[in-house]
Amino acid sequence: MGNRRKARELALTALFQAEMNGAAPDEGFQLLCENFEFSKMAVPYARELVSGIAEKWAEINERIAQSAVNWRVSRMSVLDRNIIRLAAYELLYRDDVPPRVAIDEAIELAKRYCAGDSPAFINGILDAILKSGLDREQ
């Protein structure tokens, strides 16, 4: 497994933990790193992801809400919601991650950690976010 995939898993864990505990994602990330062993090569990118998502939290949630037809963000499963946040951040704010890679990585995380229909659900929302981003650029 590549370092970026490990970083995404670590970031997802921190986001999940923070949301379940009502803590700031940055604090949850720091606690994870202090108490569990992770690949040292994965930590820097995971930290960038968690910090970036925390900084753009409201904007990311708004983009998800606009793209999730007939779904409120608060009604999504915690894992689905955080996988979408992670990939949306990479789609919207990371020029070094090709859009298809961000979406494919999110689908792989969903296959590994979520319910059976989650990969298709996540893919649909991320495709809508990607298309809305392309529409704004034109």
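The values are calculated or read from the model by the stated rules, or taken from the named source; none is laboratory data. Note that the coordinates shown come from a computational prediction; the quantities given were computed from them, not determined experimentally. Positions of Cβ are generated from backbone atoms using ideal geometry, with glycine treated the same way; all protein chains shown enter the neighbour counts.
Points to keep in mind about this one:
- Among the residues making up the range 98-132, a single one is free of Cβ contacts under 8 Å to residues at least 24 places away in the same chain, within 19 Å of residue 7 (Cα to Cα) and not in a helix (DSSP H, G or I): 98.
- Note on the range 9-25: among residues that are crowded, with 16+ Cβ neighbours inside 10 Å and without any contact (Cβ under 8 Å) to a residue 60 or more places away in the chain, the one that is nearest to residue 53 (Cα to Cα) is 25.
- The single condition among (1) surrounded by fewer than 21 Cβ atoms within 10 Å (Cβ to Cβ); (2) closer than 14 Å to residue 13 by Cα; (3) not hydrophobic (A, V, I, L, M, F, W, C) that residue 85 does not meet is (1).
- Residue check, residue 38 crowded, with 17+ Cβ neighbours inside 10 Å, modelled with pLDDT under 95 and not hydroxyl-bearing (Ser, Thr, Tyr): no
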